[in-house]
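*Asks:* Input: one structure, supplied below.
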């Protein structure tokens, strides 16, 4: 049984679906899950660092195929993974970058 604010069981019980990782969450349940799994821990880390008198810096590393120079290779990667057209390989980077700006977190992208 899930309590308030817990991520969907799919995140707890099995591998994260690539279709979800690379697309804007489509409902409130997934928005909360993204916050719980990704953004909240970084916010807490920033608070911890600042309370210790340190600076928090977030580094974002893209997946290989989001920056691959050959479109054919990216296409093969997308096909192999079974990505739908709505999958955006740059989405996680943009989402974390927007989060960093909102939370005034210094970032290396």
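*Asks:* Give me the one-decimal Kirkwood hydrodynamic radius in Å for the stretch 27-108, with the sum taken over alpha-carbon pairs.
*Replies:* It works out to 14.7 Å.
*Asks:* How high is the relative contact order of the stretch 27-108, given as a whole-number percent (alpha carbon pairs under 8 Å, six or more residues apart)?
*Replies:* Relative contact order for the stretch 27-108 comes out at 39 percent.
Read-outs throughout are calculated quantities, based only on the coordinates presented, and are distinct from any laboratory measurement. Note that the structure is a prediction, hence the values are computed from the model and not measured.
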